[in-house]
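The values are calculated or read from the model by the stated rules, or taken from the named source; none is laboratory data. Keep in mind that what you see is a predicted model, and the values were worked out from it rather than measured. For neighbour counting, all protein chains shown are included, and Cβ atoms are generated from backbone atoms with ideal geometry for every residue, glycine included.
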Amino acid sequence: MSKTDTARVPWIIRTYAGFGDAEQSNRRYRENLTHGQRGLSVAFDLPTQNGYDADDPMAAGEIGGTGVSISHLGDMDTLFREIDQATINTSMTINATAPWLYALYVALADERGVARAKLRGTTQNDLLKEFVARGTSIFDPTVSLRLSTDLIVFAATETPQWNPMNSCGYHFMESGASPAEEVGYAIGNALLILEAIRPALAADVFAGVVERISFFINSGIELVPEIAKVRAYSQLWTELCRERYGITTKWRSGCQVRSLTLTEQQPEVNIIRIAYEALPVVISASARVGALQLPGFREALGLPDPAEQILSLRTQQVLMHETGIADYPDIFEGSKVIEKVTGEIKNEARAIVADMERLGYAQSIGWIATRLTAALVRWRQQIESKERLVVGVNAFIGEIGAFSGSARVREEDVVSEAQIERRIASLKRWKADRDAAAVARATADLKRAAVEGENVLPASIALAKAGGTTGEWTKAIEEALGARYQAPLGSEINDAPALRIPRAPRRMRVLLAKSGLDGHVNAVKLLAFACREAGMEVVYTGLKQTPAMIVATAVQEDVDLIGISSLSGSHLWIATEVERGLREAGAPGIPVVMGGIIPEVDRPKLTRLGVRHVFTPKDGEVGVIVQAMIDTVVERAA
């Protein structure tokens, strides 16, 4: 069989990166570009994602930890130092503050003399999945939808090569969704957004928006369903756009492979998993993603080091340049198996889309959240029953020993206390040196635009140029349109399979908390369900709880135990502050347990701080976790 003339570079290779301050991240970006990366995928830290500046008390313990800290135009200029905005393709994983980070990027292009029409990239700008799976929403669904659509409408004419929204199926699959559910939720979300903006746009502008909507999808380990899923995405999206709007468009997409499959046990096997999971989204020529990023193989242990990022990059390069998969037309066309599975996924996804359209944007949030919790419980039950085999977890157990320990962190990549102090000092200098009157005028204009129903992007760009900050933009929107909002957890379900959960011997009240600004709620949802099954009373405080909030609730609710979930790397700071708060509140006896992405080296440190149990991804049996919580409460009472 002869090879075709298909392009040798069929998708954009990215690594998801960002940490510390803008200067540190800029060094990493330029380093990654020298290794053959063709686009940037920017990770922002949790304060930036949640609308706080580094000097805000809510940012304590979180600055630069899981992404780069960006507050103002000077930060954005440093972040893209020696990087040409006219030629680079920039993806920004940002949602609640997406209009602001996009405004900073556009303002920087204006300052550099780069035509807005040349800007290429993506703002994730998908709030629905934040409400149900990831947790970095700020405002209520109505305000969130307004801000998201303002960005999309503005970008349609001002930055026509920009993808103003990634409708994210990725996070649904991470939360337990099936292939059909991922496709249905993501496409349903995109259609709800399009219907919200359609009345405000001329037909030709609306057509341009439809063509720029993109998707951020997941790719799991089950090869046939995943290949069929990508084909179902592509086919269903183009079919629905043609049926609903009479618009012929292509499916735009990026992908990261499934982090939920990456295990703390036998992390070496994750290298194999990542390579297999990358295959489905590029192997089918008619349904190939436009950009792909792969995680580090020790993701369940902590953030990736530079060597892990290079390994992920090389995995893609082998796939692209050595396997020859880009040299042939669609190898699955006419396959009875693939076409059958694709059709089944499409039909189920269509039904989900119809349900979401019937419910509407806001009502879909609770519906999806509850379904995802049930899916998580089913997934956990399949692993515990060995219906689903996971190498190193419930089958073929034992360490391999090819790699040991966590990622090797270079000194220049560490986010130290001294660097955080410099970051805060730099931000304060920025605020002191700018034209305060100009910032005040721009802030007032932003509030007026928000209240009067104008598109907030022009005023946001003006505020960026005046020297405004992330926290100030968020506060202005909050004052104009409403306070911060807590989405429901969605953990109370009735149709999930039974897990092996022990029963509490007496009444117990447990407080489950998400401390800090990390919003990933899967573990908390699953644990809340399990604790209720055990007969416990669960007090859930919601997302973004400071240690002081956790302590106050624990004392007020007279709880028997505090369970804290932390995935942002700030577990030591959180534990220190919670234990200190309990002592100061006269309640040092309330036991604390913690779970999350916690390096093994930190386990004894947490124990010395007073934490009774530390659970990490390798502690997968939720019944064992619940039993440990019960035993801790019983021991305290003895």
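Gly20 meets all of the listed conditions (1) within 28 Å of Ser312 (Cβ to Cβ); (2) free of Cβ contacts under 8 Å to residues at least 24 places away in the same chain but one, namely (2). Here is a check on your reading of the model: is Leu147 modelled with pLDDT of 95 or more, surrounded by 23 or more Cβ atoms within 10 Å (Cβ to Cβ) and farther than 23 Å from Pro488 by Cβ? Taking the combined requirement at face value, the residue does not satisfy it.
Of all the listed residues (Ala307, Ala354), the sole one being modelled with pLDDT under 90 and part of a helix (DSSP H, G or I) is Ala307. When restricted to residues that are farther than 23 Å from Tyr185 by Cβ, part of a helix (DSSP H, G or I) and not hydroxyl-bearing (Ser, Thr, Tyr), region 100-147 contains 14. When region 312-349 is limited to residues that are buried (at least 16 other Cβ atoms within 10 Å of the Cβ) and under 23 Å from Asn32 (Cβ atoms), the one that is nearest to the chain's Cα centre (by Cα) turns out to be Ser312. Being modelled with pLDDT under 90 and assigned to a helix (DSSP H, G or I) is the filter here; which residues of region 581-621 pass it? Those that are modelled with pLDDT under 90 and assigned to a helix (DSSP H, G or I): Glu600, Val601.
Answer with yes or no whether Arg314 is at pLDDT below 95 and in contact with an Asp or Glu (Cβ under 7 Å, 6 or more places away or on another chain).
For Arg314, the condition - at pLDDT below 95 and in contact with an Asp or Glu (Cβ under 7 Å, 6 or more places away or on another chain) - is not met.
Filtered by the rule that a residue be under 21 Å from Pro599 (Cβ atoms), surrounded by 19 or more Cβ atoms within 10 Å (Cβ to Cβ) and not β-branched (Val, Ile, Thr), region 266-277 gives Gln266, Pro267, Asn270, Arg273. Only one entry in Glu82, Glu62 is charged (D, E, K, R), crowded, with 19+ Cβ neighbours inside 10 Å and farther than 25 Å from Ala459 by Cα, namely Glu62.
In the condition set (1) touching a residue at least 40 places away in the same chain (Cβ under 8 Å); (2) over 22 Å from His171 (Cβ atoms), Gly516 is compliant with all but (2). In region 231-254, the condition of being β-branched (Val, Ile, Thr), under 30 Å from Ile598 (Cβ atoms) and in contact with an Asp or Glu (Cβ under 6 Å, 6 or more places away or on another chain) is met by no residue. If we keep just the residues of region 454-484 that are at pLDDT 95 or above, outside any helix (DSSP H, G or I) and not acidic (Asp, Glu), which is farthest from Ser148 (Cα to Cα)? Among those residues, the one meeting the criterion is Gly467. Examine region 411-427 for a residue that is at pLDDT 95 or above and assigned to a loop (DSSP other than H, G, I, E, B), and state whether such a residue exists. No.
Does Ile345 satisfy the criteria of being free of Cβ contacts under 8 Å to residues at least 60 places away in the same chain, of a type in the set (Val, Ile, Thr) and part of a helix (DSSP H, G or I)? When the stated conditions are applied, Ile345 does not pass them.
Here Ile550, Ile574, Ile564 are screened, and the one residue that is touching a helix residue (DSSP H, G or I) at 6+ places or on another chain (Cβ under 9 Å), without any contact (Cβ under 8 Å) to a residue 40 or more places away in the chain and surrounded by 23 or more Cβ atoms within 10 Å (Cβ to Cβ) is Ile550.
Can you confirm whether region 395-410 contains a residue that is aromatic (Phe, Trp, Tyr), out of contact with any Gly (no Cβ under 6 Å at 6 or more places or on another chain), surrounded by fewer than 17 Cβ atoms within 10 Å (Cβ to Cβ) and at pLDDT 90 or above? The answer is yes; a qualifying residue exists. Return yes or no: is Ala450 part of a helix (DSSP H, G or I), surrounded by 14 or more Cβ atoms within 10 Å (Cβ to Cβ) and touching a Lys or Arg at 6+ places or on another chain (Cβ under 6 Å)? The answer is no for Ala450. Taken together, the criteria exclude Ala487 from residues that are modelled with pLDDT of 85 or more, within 28 Å of Ser137 (Cα to Cα), of a type in the set (A, V, I, L, M) and within 27 Å of the chain's Cα centre (by Cα). If only residues of region 69-89 that are in contact (Cβ under 8 Å) with a residue 40 or more places away in the chain and among the small types (Gly, Ala, Ser) are counted, the one that is farthest from Asp433 (Cα to Cα) is Ser69.
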